[in-house]
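The values are calculated or read from the model by the stated rules, or taken from the named source; none is laboratory data. Fair warning: this is a prediction, and the values are worked out from it, not measured in the lab. No Cβ is skipped: glycine too gets one built from the backbone with ideal geometry, and neighbour counts run over all protein chains shown.
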Ligand code: 4HQ
């Protein structure tokens, strides 16, 4: 999977992309992430990307032309794009065929909230362009011309779309085949059932007077599997009952 990022702070991504699971996925060629400076697509010698809002009021607004030029340049240089289809927004530049090219995502609190289903859906695409805004907003015509979808990581206000983009990249990378190892992917499967994870323990056996549940030391693997299933349901009911009310009922979850 190929992800292109547009930002005025490309340096924020360095250590993130070099570290841990994401770093390894990139090193192994399973994931390609290219971070581009939006200012490279400005028109003036000051490399301006913001201006005062029409209608007045405080703050600055990101200008449309640098974004539009940047996104179109990335699409033209796309190489492998997306299979397209999905009514896709504008065109894929060079070929000019509508609906093809990378899927363009604007990180914004106005988008649908990111969840496991959305992560899987986006991870199934071959190419993404992530637009990271700053300032008080982005000229509305950017959305109208070069954005396929807006995604939010939660109902709070950040100063920029860079952290949301990193959240998305990390979650997406875990869905790329081969990125997460066999053992880890078993644990990951538990969320697919819509449940929270069961509690985990490692040495030492007693911490601050708190002992490890005896069943985990029993060597009885069927009993351990049962205990973990029950604890997952208990944790979900106590901490996130909303997950049990959704499409995946507890009955079905207990089956797996
Ligand atoms: N933003 N989820 C970028 C967010 C946000 C969010 C506010 C996006 C500021 C410039 N993005 N603008 N929450 O708070 O994605």
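Residues of region 77-102 being over 15 Å from residue 147 (Cα atoms) and at pLDDT 95 or above, which ones?
Once the filter is applied, which keeps residues that are over 15 Å from residue 147 (Cα atoms) and at pLDDT 95 or above, region 77-102 yields nothing.
Give the residue, chosen from 17, 74, 31, 21, that is at pLDDT 95 or above and under 15 Å from residue 145 (Cβ atoms).
Answer to the check: 74.
Take residue 184 and tell me if it is on the phi < 0 side of the Ramachandran plot and within 16 Å of the ligand (Cβ to nearest atom).
no
Answer yes if at least one residue in region 175-183 is in contact with a strand residue (DSSP E or B) (Cβ under 6 Å, 6 or more places away or on another chain) and surrounded by 10 or more Cβ atoms within 10 Å (Cβ to Cβ), and no otherwise. Show your work before the answer.
Narrowing region 175-183 to residues in contact with a strand residue (DSSP E or B) (Cβ under 6 Å, 6 or more places away or on another chain): none.
No; the residues of region 175-183 include none that is in contact with a strand residue (DSSP E or B) (Cβ under 6 Å, 6 or more places away or on another chain) and surrounded by 10 or more Cβ atoms within 10 Å (Cβ to Cβ).
Hey, residue 14 hits all of (1) part of a helix (DSSP H, G or I); (2) farther than 20 Å from residue 165 by Cα but one; which does it fall short on?
Going through the list (1) part of a helix (DSSP H, G or I); (2) farther than 20 Å from residue 165 by Cα, residue 14 breaks only (2).
Among the residues in region 55-65, are any under 27 Å from residue 141 (Cα atoms) and part of a helix (DSSP H, G or I)?
Scanning region 55-65 turns up at least one residue that is under 27 Å from residue 141 (Cα atoms) and part of a helix (DSSP H, G or I).
Could you check region 99-130 and list, in sequence order, the residues that are under 23 Å from residue 176 (Cβ atoms), near the ligand (Cβ under 9 Å from one of its atoms) and buried (at least 18 other Cβ atoms within 10 Å of the Cβ)?
Answer for region 99-130, where residues must be under 23 Å from residue 176 (Cβ atoms), near the ligand (Cβ under 9 Å from one of its atoms) and buried (at least 18 other Cβ atoms within 10 Å of the Cβ): 106, 107, 114.
Do any strands (runs of 3 or more DSSP E) entirely within region 98-197 hold 3 or more residues that are touching a residue at least 40 places away in the same chain (Cβ under 8 Å) and within 20 Å of residue 31 (Cα to Cα), and if so, which?
On the way: elements: 103-113, 127-131, 149-152.
Fully inside region 98-197 and qualifying: 103-113, 127-131.
How many residues does region 49-63 contain that are surrounded by 14 or more Cβ atoms within 10 Å (Cβ to Cβ) and free of Cβ contacts under 8 Å to residues at least 60 places away in the same chain?
Residues in region 49-63 being surrounded by 14 or more Cβ atoms within 10 Å (Cβ to Cβ) and free of Cβ contacts under 8 Å to residues at least 60 places away in the same chain: 1 in total.
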